[in-house]
Structure formats: structure tokens, C-alpha cells
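Chemist: One structure, pasted below without further comment.
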Amino acid sequence: MTAIKSNFRRRLGLAFVGSLVIGLATAGASYGQSVRTIKIATSAESKPLAWGAIGVEPQGYEPDLLRAINAKLPQYKFEMEGVADIAQETGLATGKYDMACGGYYRSPEREKQFFIPENPMGASLMKIYSRKDSNIKEMKDLVGKRIVPATAGGGTYKFMMNWQKENPEYKLEVTASSAGIPYPNRLDEVQNGKFDALVLPSNLGEQTVIDNKKLDIVASEPVYSNNTYMLIHRSDENKVLAEDINKVLKEMKDDGTIDKLSEKWFGEDIVKYMK
């Protein structure tokens, strides 16, 4: 082989390698630009639904579900942050977060303000917590009983007032409170007899508290169930995000992913209660 041909081939080879490197670099840059970061606010104190303060990796049912969704949507990078419940919707409304997850119910007000995927991410099961010897099993058994005050304007309070309206023959002593007393303390008040029963969604970790404290308290079968949804900041680019997530949620309900995660974190299958 002549020196001229050898030199030519060497230059051709270097040119090819250079083009390949540039091509890969361009593809990598293009790929990086195509991945959109989605900032998500999760509950900070609602174990096992979700918990994890700022700077702590969120754990629980909803964070695990979000990771599973993200695995099916590689065009997004989900970044979760535990946020106090009172700050979640405010941060979402201002655009600080793209999504918020905290066992939210669908409502006309929220539908106007946010995108809400049609498919739910879970179900909130309302149960009655009472002492084992109380024989309280359903709502009508609460007639004449001392019920732990419910947060004014909260979902539990609204449920009890609606139940009372639909069942006027059973008069319940429903009171509202703004004290913000943590539910573990409320369970203690049922245990010590200050109250006869506590009505709450079961996805807040009540059973873990009962087991850890060895309380003589049992939970009823669900007296009401309601789907829970993620809320998405309303913007043009988030419309596609909402559509993508809605599709994946349907797949995960059908393939058993939601079943497995609910058994892991709640110890029960919530899919059968999802409407």
C-alpha cells in the first residue's frame, strides 16, 4: 500500500470517528432535552400513604406508584418532595409544582383549577375505629355515642354530615374541630374512653399505630369509599402529561400493579373499591 493511500484511509477513518462522536453527542443532547422534569408535591406526614420531609426521599404507597408510572413514561423525570398538606394545593396552583398527590378527592372546584386524570390512583376507605368491646360496626351504631370531632370542612366531616342527611332516622352527634390534634392522639382518646369512636380514612396509618401501641381498638369494614386522584397544574404542556398519566394508571389497574402496592402499604386490596 502506498503512503498516499494509507494516509488517505487514515484521514477517512478519523473523519468517520469524528462524525460518529459528534452524532452521538448530538443525539445525547437531543435525548437530554426531550426528558422533562416534573416536580411533584407528596404528603410529608401521612404514613403509609406518603411521608418524607424536605430533603428526605418520599416513601409510601403514592411515591411507589409514582415511581412505577415514571418507569413507563421515560420522557419525564419525576422529582418528589414531601410537603405539608396545607402547602400542597397552594404550591400547585402557583406552578411551583407540576403535580400534587395526597389522597385527593375529585371536586367541581378542583376540576376547574387543575387537570385531574380520569383514572384514580387509589381509594380512600372510610372506617370506624372503636374499642373491641363496643360492638360498633356501622354508622347507625354511632347513635348516642361520643364521636371524635372531625376537622371542620374536611372530607370526614362532610361524609358524616351527608350520611346524616341521607339517614335522618339516625341522629348522630357530629361536631367539628379546628384543633388539628394528630390522629394517634385521637386513637388514644378512644382507647381511654374519652370518645367512643373515631371516623377516618384508613390510608393514614391507623392500623400501624394500633399495632405499635397495642391498643384495644378495631377498625370496621369500610362504611364509605371514594376514589383518590392526583392533581396536575393547569398549563398547556401539562395537558399532555395528564393524558399520559391517565393512560398508565388504567394499565396499572389492569395489570395488578395497584393491587400489589396497596397490599404492600395498606395490607388490603383497594382496587375492588375503586369506582
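The values are calculated or read from the model by the stated rules, or taken from the named source; none is laboratory data. These numbers were taken from a predicted model, which means no experiment stands behind them. We work out accessible area using only protein heavy atoms, side chains counted, and drop any ligands, DNA or RNA first. Shrake-Rupley method; radii C 1.70, N 1.55, O 1.52, S 1.80 Å.
Chemist: So what's the angle, to the nearest 10 degrees on a 0 to 90 scale, between helix 61-72 and the longest Cα principal axis of the chain?
Modeler: So the inclination is approximately 30 degrees.
Chemist: Next question. Go through segment 241-248 residue by residue and turn each phi into a ³J(HN,Hα) via Karplus (6.51, -1.76, 1.60, θ = phi - 60°); whole Hz please, and just put x for glycine and proline.
Modeler: These are the phi-based 3J(HN,Hα) values: 4, 4, 5, 4, 5, 4, 5, 5 Hz.
Chemist: Leaving ligands, DNA and RNA out of it, report the carbon-plus-sulfur percent of the accessible area of segment 75-127 at a 1.4 Å probe.
Modeler: Ligands and nucleic acids excluded, carbon and sulfur give 50 percent.
Chemist: Please say if segment 40-94 is rounded, prolate or oblate, where rounded means a/c under 1.5 for a ≥ b ≥ c the square roots of the C-alpha gyration tensor eigenvalues, and otherwise the choice is prolate for a/b larger than b/c and oblate otherwise?
Modeler: oblate
Chemist: Which length gain, in nm to one decimal place, applies between residue 93 and residue 164 when the Cα-Cα distance is subtracted from 0.36 nm times their residue separation?
Modeler: Length difference between fully extended and current span is 22.2 nm.
Chemist: Right, something else. On average, how much accessible surface per residue is there in the chain, in Å², for a 1.4 Å probe, leaving out ligands, DNA and RNA? Numbers along the way, then the final one.
Modeler: Working: 14920 Å² over 275 residues.
I get 54 Å² per residue for the chain.
Chemist: Can you list the residues, at least 5 places off or on another chain, whose amide H is less than 5 Å from the amide H of residue 224, using H built in the peptide plane?
Modeler: HN-HN under 5 Å from residue 224: 126.
Chemist: Only Cα pairs within less than 10 Å get springs; with that Gaussian network setup on the chain, which residue of 256, 82, 102 has the largest fluctuation?
Modeler: It is 256.
Chemist: Moving to a separate point now. Quick one: compute the contact order of the chain, relative version, from alpha carbon pairs under 8 angstrom and 6+ residues apart, as a percent.
Modeler: Numbers: 452 pairs, mean separation 66.6, N = 275.
Rounded, it is 24 percent for the chain.
Chemist: HN-Hα J couplings of segment 186-203 from phi, Karplus 6.51/-1.76/1.60, θ = phi - 60°, integer Hz, Gly and Pro as x?
Modeler: Result, ordered by residue: 5, 5, 4, 5, 6, 4, 7, x, 4, 10, 8, 7, 10, 9, 7, x, 7, 8 Hz.
Chemist: Could I ask something else about it? Holding the Cα-Cα limit at 32 Å, pick out from 96/194; 47/96; 145/260; 47/140 the pairs that are longer than that. Intermediate results must be reported in sequence, preceding the final value.
Modeler: Values: 96/194 42 Å; 47/96 24 Å; 145/260 37 Å; 47/140 29 Å.
Over 32 Å Cα-Cα: 96/194; 145/260.
Chemist: What 222 nm value per residue comes from the helices of the chain, counting each DSSP H run with n ≥ 4 as -39,500 (n - 2.57) and dividing by all residues, nearest 500 deg cm²/dmol?
Modeler: Numbers: 9 runs with 118 residues, N = 275.
For the chain, the value works out to -13500 deg cm²/dmol.
Chemist: Taking 0.36 nm per residue of sequence separation and subtracting the Cα-Cα distance, how much length would be gained by fully extending the chain between residue 138 and residue 185, in nm to one decimal?
Modeler: Details: separation 47, 0.36 × 47 = 16.92 nm, distance 2.25 nm.
Using 0.36 nm per residue and subtracting the Cα-Cα distance, I get 14.7 nm.
Chemist: Which angle between 0 and 90 degrees, to the nearest 10, do you get for helix 155-166 versus the longest principal axis of the chain when only C-alpha atoms count?
Modeler: That helix lies at roughly 50 degrees to the long axis.
Chemist: Continuing with this model, one more query. Search the structure for amide H atoms under 5 Å from the amide H of residue 123, placed 1.01 Å from N in the peptide plane, and list their residues when 5 or more places away or on another chain.
Modeler: 228
Chemist: Still on this model: Karplus couplings for segment 101-117 from phi (6.51 cos²θ - 1.76 cosθ + 1.60, θ = phi - 60°), rounded to Hz, Gly and Pro as x?
Modeler: So the Karplus estimates, Gly and Pro as x, are 10, x, x, 6, 8, 7, 8, x, 5, 5, 5, 6, 8, 10, 7, 10, x Hz.
Chemist: Looking at the chain as a GNM with Cα springs under 10 Å, which of 34, 262, 225 has the largest mean-square fluctuation?
Modeler: Maximum among the listed residues: 34.
Chemist: How much of the DSSP beta bridge set in the chain is antiparallel, as a percent to the nearest 5? Numbers along the way, then the final one.
Modeler: Details: 21 of 35 bridges.
If we restrict to bridges inside the chain, about 60 percent are antiparallel.
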